[in-house]
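Values quoted throughout were computed directly from the atomic coordinates according to the rules given, and no laboratory measurement underlies them. From a predicted model like this one, the values you see are computed outputs, not experimental measurements. A quick note on method: Cβ atoms are made from the backbone with ideal geometry, for glycine too, and the neighbour counts reach across all protein chains shown.
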Amino acid sequence: MLKLQLPTDPKWANVAEGNIKEILIDHAFCEQKAASNAISIITKYPEYSELVEAMSALAIEEMEHFRTVHEKITERGWKLGRERKDNYVNEIAKFFNKSGHNREETLVHKLLFAAMIEARSCERFKVLSDNIDDNELAEFYLDLMISEANHYTMFLKFAHQYGDAICDVDAIWNEFLKFEAEVIKNYGTQERIHG
């Protein structure tokens, strides 16, 4: 369903489980950034009522996820700490040339970018849920995997809804999948959701 071209090595779960504190902190900030992205889309594209409704619901859901992850951090006696830089996200953003596009094309690119992050997060959550020994966290990541899959399909649906009349969304998505596969080759060794 996700069509990611390079799956995460299940051994990444061992790296993650070796430092659950770092994974949870990084994950918390991923959820916060997802909420911020949804709000940013609302701010930049308020005329798309259906999109605004979906992004408002998404922002609330992502902040609920943030809260839940934060609870898991504090339950273990840890503190949130400072935000971690997400090099993976910065690298895949380079796929989209920022210049020469109209507002609608830029929206399609934002939606595809969000879809890719949700797809990779979904895949990573599955790897965690299938491979870590902590049963509580395994179940937690299984639930989140389903949520991320829904977000992925929602972003792709909106990309087609707003983009099919102005560009070849599938062609862009397929090229983006190839690009992401090259980027992700350099990751999978750190205690980060995308690391």
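Points worth noting:
- Global form of segment 119-195, assessed from the alpha-carbon gyration tensor, a/c cut-off 1.5: oblate
- With 0.36 nm allotted per residue and the present C-alpha distance subtracted, the THR43-ASP170 stretch has 43.1 nm of extension available.
- Segment 108-195: trypsin sites (Lys or Arg not before Pro) in DSSP loop, at most 16 other beta carbons within 10 Å: LYS185
- Principal semi-axes in Å for segment 97-153 [√(5λ), Cα gyration tensor, largest first]: 32, 9, 6
- Average Cα contact separation per residue, the chain, under 8 Å, 6 or more apart, as relative contact order %: 34 percent
- Using alpha-carbon coordinates, inclination of helix 20-44 to the longest axis of the chain, degrees: 20 degrees
- For the chain, the fraction of C-alpha pairs more than 19 angstrom apart is 59%.
- Listed peptides 9-22, 44-57 by packing density, highest first (mean Cβ within 10 Å): 9-22, 44-57
- Once the Kirkwood radius over Cα pairs is known for segment 44-131, the Stokes-Einstein relation at 25 °C and 0.890 mPa s delivers a diffusion coefficient of 155 µm²/s.
- Summary value for segment 1-93: 33 percent relative contact order, contacts being C-alpha pairs under 8 angstrom separated by 6+ residues.
- Helix 103-131 vs. the chain, principal-axis angle (Cα, 0 to 90°, nearest 10): 20 degrees
- When you work out D = kT/(6 pi eta Rh) for segment 1-88 at 4 °C and 1.567 mPa s, using the Kirkwood radius from C-alpha pairs as Rh and the Stokes-Einstein form, the result is 87 µm²/s.
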